[in-house]
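Here's the structure, in structure tokens; my notes come after.
The values are calculated or read from the model by the stated rules, or taken from the named source; none is laboratory data. Please read all numbers here as calculations on a predicted model, not as lab measurements. For neighbour counting, all protein chains shown are included, and Cβ atoms are generated from backbone atoms with ideal geometry for every residue, glycine included.
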Amino acid sequence: MSRIIRFACLLLAMALARPIAAGDDGSSGVLVLGRISDDPRAHYDQLKPLLDYVVPRMAEVGIREGRILMAKDAQQMASYMRRGRVDWVTETSGTAMLLAQRAGAEPLLLTERDGTSHYHSIFFARRDRGLRRLEDLRGRRVAFQRSTSTSAYFVPAAELLGRAMPLEILLSPDDQPSPRAVGYLFARSELNIATWVHKGLVDVGVMSNLDWNNPRRVPAAFRRDFVIIGRTPPYPRAVELMRGDLDPRVARRLREVLLRASHDPAGREALARFFGTSRFIPIDAESARALERIGRGVAQVKADVE
């Protein structure tokens with residue numbers, strides 16, 4: 001009898017210790033918002049107001065509580081989504097498509113930030129380098145931002161691969177790629193990219209057109225010495241994702257609430273704190289094609305470069 005009692009207590013303890021995640025049994029009433037973050041405290045303060053706005057408006061589909069779950073990288077977030085521990089994620093297009101491939105996540109809405117829903121990547125060089133087009137990059141060095149950047153890595157890297165220009169990671173700016181390849185390094189910030197190009201540490205830099213037009217990222221003293229040698233097609237700036245097996249009723253209601261938020265004063269305040277979001281918009285056919293193109297590019301970068 002004592003063994004039975006101990007076994008029953010063990011089962012009870014295991015049940016209480018098990019983390020509750022939305023979608024576990026379809027009736028937990030919890031909506032979990034996820035974020036890939038290297039600064040969880042700051043990002044929590046940006047996520048919480050919108051989650052607090054959304055949850056009360058989803059009571060009709062059984063949502064009673066909202067939670068936030070941070071991941072250190074895309075691999076961890078993909079695991080959370082596959083296991084049903086995260087329902088909704090906000091990400092840039094490249095990482096969004098990576099989560100779609102690895103976790104079966106599905107795009108829900110486009111995210112317009114600071115009035116901009118789409119942007120593109122720009123390749124630039126010093127005027128005195130004699131570079132005028134992307135094909136001139138063979139045997140040259142390019143500075144990307146970081147390996148998770150959509151505008152300053154995934155999209156431009158896929159653009160070069162699509163032109164049959166292989167990429168080789170360099171040990172330092174003094175390292176040289178093979179004559180038919182493009183060597184690359186990560187500069188970690190847009191200002192560093194502009195500085196490396198201006199000082200001749202690399203031949204070409206890449207960033208979004210929004211960063212290109214920001215004097216804090218590309219100082220005017222640098223910019224007058226630069227020339228744009230290539231642009232990518234436009235693509236969505238950010239995407240709201242849901243896990244693929246989310247209850248359709250919850251997914252529909254979440255979409256409705258987010259679409260209406262910009263028309264509600266309380267919603268607009270929460271959106272502004274949500275990474276400067278101005279509104280959420282439906283995914284049109286052209287944007288869907290752009291996301292598919294990015295997805296193919298991300299897969300190629302992961303297969304051929306990393």
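Numerical summary
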item: Residues (assigned to a strand (DSSP E or B) and either β-branched (Val, Ile, Thr) or under 14 Å from the mean Cα position of the chain (by Cα) (or both)) located in segment 111-151; result: Thr111, Glu112, Arg113, Thr116, His118, Tyr119, Ile122, Val142
item: Residue list for segment 143-192, filter: small (Gly, Ala, Ser) and touching a residue at least 40 places away in the same chain (Cβ under 8 Å); result: Ala143, Ser147, Ser149, Ser151, Ala152, Ala157, Ala158, Gly162, Ala181, Gly183, Ala187, Ser189
item: Residues satisfying the stated conditions in segment 85-130, i.e. under 21 Å from Leu258 (Cβ atoms) and of a type in the set (Val, Ile, Thr); result: Val86, Val89, Thr90, Thr92, Thr95, Thr111, Thr116
item: Enumeration of residues in segment 106-157 that are of a type in the set (A, V, I, L, M) and within 22 Å of Asn192 (Cα to Cα); result: Ile122, Ala125, Leu131, Leu134, Leu137, Val142, Ala143, Ala152, Val155, Ala157
item: Failed item in (1) over 13 Å from the mean Cα position of the chain (by Cα); (2) assigned to a strand (DSSP E or B); (3) among the charged types (D, E, K, R), with Arg102 passing the rest; result: (2)
item: Helices (runs of 4 or more DSSP H) fully within segment 168-254 counting 3 or more residues that are surrounded by fewer than 18 Cβ atoms within 10 Å (Cβ to Cβ); result: 190-199, 220-223
item: Check on Arg260, in the same structural domain as Met97 (by TED's automatic domain parsing) and either more than 20 Å from the chain's Cα centre (by Cα) or part of a helix (DSSP H, G or I) (or both); result: yes
item: Test for Arg255: is it touching a residue at least 40 places away in the same chain (Cβ under 8 Å) and under 17 Å from the mean Cα position of the chain (by Cα); result: no
item: All positions within segment 139-162 that are buried (at least 17 other Cβ atoms within 10 Å of the Cβ) and of a type in the set (Lys, Arg); result: Arg140, Arg141
